[in-house]
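> Submitted below is the structure of interest, expressed as structure tokens.
The values are calculated or read from the model by the stated rules, or taken from the named source; none is laboratory data. Only a predicted model underlies this, so the values are computations on that prediction, with no experimental measurement involved. We place every Cβ from the backbone using ideal geometry, glycine too, and count neighbours over all the protein chains shown. SASA here: full protein model, heavy atoms, side chains in, ligands and nucleic acids out. Shrake-Rupley method; radii C 1.70, N 1.55, O 1.52, S 1.80 Å.
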Amino acid sequence: MNEFIKIVLLFFIYSFIGWLWETVYCSLKARKFVYRGFLVGPYCPIYGFGILGVLYFLEPLKQNIVILYLLSTVLVTILEYITSYGLEKMFHASWWDYKDVPLNINGRVALPVSLFWGISCVLIVRVIHPKVMLFEDFLSEKFGILLPIILLLLIMTDLIYTLGNMQAFKKVTAQISTAIEERKQELETVLTEKRDELSSNLSELKETVSEGINERKQAKTTERNSLMEEFKETPAIKKLVTHLNYNQKRWVRNYPKLKLKNVKNPSEVQQVINKNKKKSK
């Protein structure tokens, strides 16, 4: 029983530390508060599983820092790859993408990131974990089996809610995608006429080839922004976006590399959701 209490408490402690790390890092990077985590609560289970794996399999090797580092790097890399693959197959969405990072494997893991995780694991095993154990001992003595049971019920409720939430999210985003494509078809004739008119005006205005290219690029950007505004103001699309709850909008807003596999135009769907979110503030 004591071992069960210890495992559950350590899992939640490190899941919270992982959530705290990601939230602080991403908030500083974005210069605004970014609530990370797939689940509603302030915990990232991948960190809990990862650190527990390192502690139970590799802590006996903590005196050999080189072996500890290498095996930690391998272990967390495998876990990150499996988690990325599992989330994509389960929810038809990828939550992170390392394709712009050198030496990546299918965008799921990347060597520079894995090397960083290895350093973090060594730091946790040799420096942080002894202090965490003091906190875990305090919680065990203070609350016994009650706290682990409450925490497990909490995360199970959170998981069930999130799974249902994700199914609704997939349905609404697919509907938004369809509505955008339908609106595109409606606007196709008008946009073609405007494009031809704009092209004609640019031909008259350009004095050099380079100036003409720059003007065309600027016109294309303006057209793209206007199109996004048009989608945002389309009643059918606005109505669908209002069906998204806070947590679903948070996924889109706080995971810029989130890729929706069930929609034809994921980037446009994400932009429309974000633009409607900004307007509602």
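> Tally the residues that are among the hydrophobic types (A, V, I, L, M, F, W, C) and surrounded by 19 or more Cβ atoms within 10 Å (Cβ to Cβ), restricting the search to the range 97-116.
Summing the residues that are among the hydrophobic types (A, V, I, L, M, F, W, C) and surrounded by 19 or more Cβ atoms within 10 Å (Cβ to Cβ) in the range 97-116 gives 2.
> I've got another one for you. Give just the number: which of (1) crowded, with 19+ Cβ neighbours inside 10 Å; (2) free of Cβ contacts under 8 Å to residues at least 60 places away in the same chain; (3) closer than 19 Å to Gln248 by Cα does Phe11 not satisfy?
Against the list (1) crowded, with 19+ Cβ neighbours inside 10 Å; (2) free of Cβ contacts under 8 Å to residues at least 60 places away in the same chain; (3) closer than 19 Å to Gln248 by Cα, Phe11 comes up short only on (3).
> Only one of Leu28, Leu79, Leu71 is part of a helix (DSSP H, G or I), more than 29 Å from Thr157 (Cβ to Cβ), in contact with a Phe, Trp or Tyr (Cβ under 9 Å, 6 or more places away or on another chain) and open to solvent by 20 Å² or more (accessible area, probe 1.4 Å). Can you tell me which?
The conditions single out Leu71.
> I'd like the residue in the range 82-96 that is of a type in the set (Gly, Ala, Ser) and outside any helix (DSSP H, G or I) and, out of all such residues, is surrounded by the most Cβ atoms within 10 Å (Cβ to Cβ).
Ranking the candidates gives Ala93 first.
> Would you check which residues across the range 244-281 are more than 14 Å from the chain's Cα centre (by Cα), modelled with pLDDT of 80 or more and not in a helix (DSSP H, G or I) and list them?
Selection gives Leu244, Asn245.
> Sticking with this one: Has the range 118-127 got at least one residue that is open to solvent by 20 Å² or more (accessible area, probe 1.4 Å) and outside any helix (DSSP H, G or I)?
No: zero hits.
> Looking at the structure I just gave you, is His92 of a type outside the set (Ser, Thr, Tyr), over 21 Å from Tyr47 (Cα atoms) and in contact (Cβ under 8 Å) with a residue 24 or more places away in the chain?
Considered against the rule, which asks whether it is of a type outside the set (Ser, Thr, Tyr), over 21 Å from Tyr47 (Cα atoms) and in contact (Cβ under 8 Å) with a residue 24 or more places away in the chain, His92 comes out as yes.
> Determine which member of the set Val54, Val34, Val66 is open to solvent by 20 Å² or more (accessible area, probe 1.4 Å) and either of a type outside the set (Phe, Trp, Tyr) or at pLDDT 90 or above (or both).
Among Val54, Val34, Val66, only Val66 is open to solvent by 20 Å² or more (accessible area, probe 1.4 Å) and either of a type outside the set (Phe, Trp, Tyr) or at pLDDT 90 or above (or both).
> Which one is modelled with the lowest pLDDT, of the residues in the range 211-243 that are under 28 Å from Gly37 (Cα atoms) and among the charged types (D, E, K, R)?
In this case the residue turns out to be Lys232.
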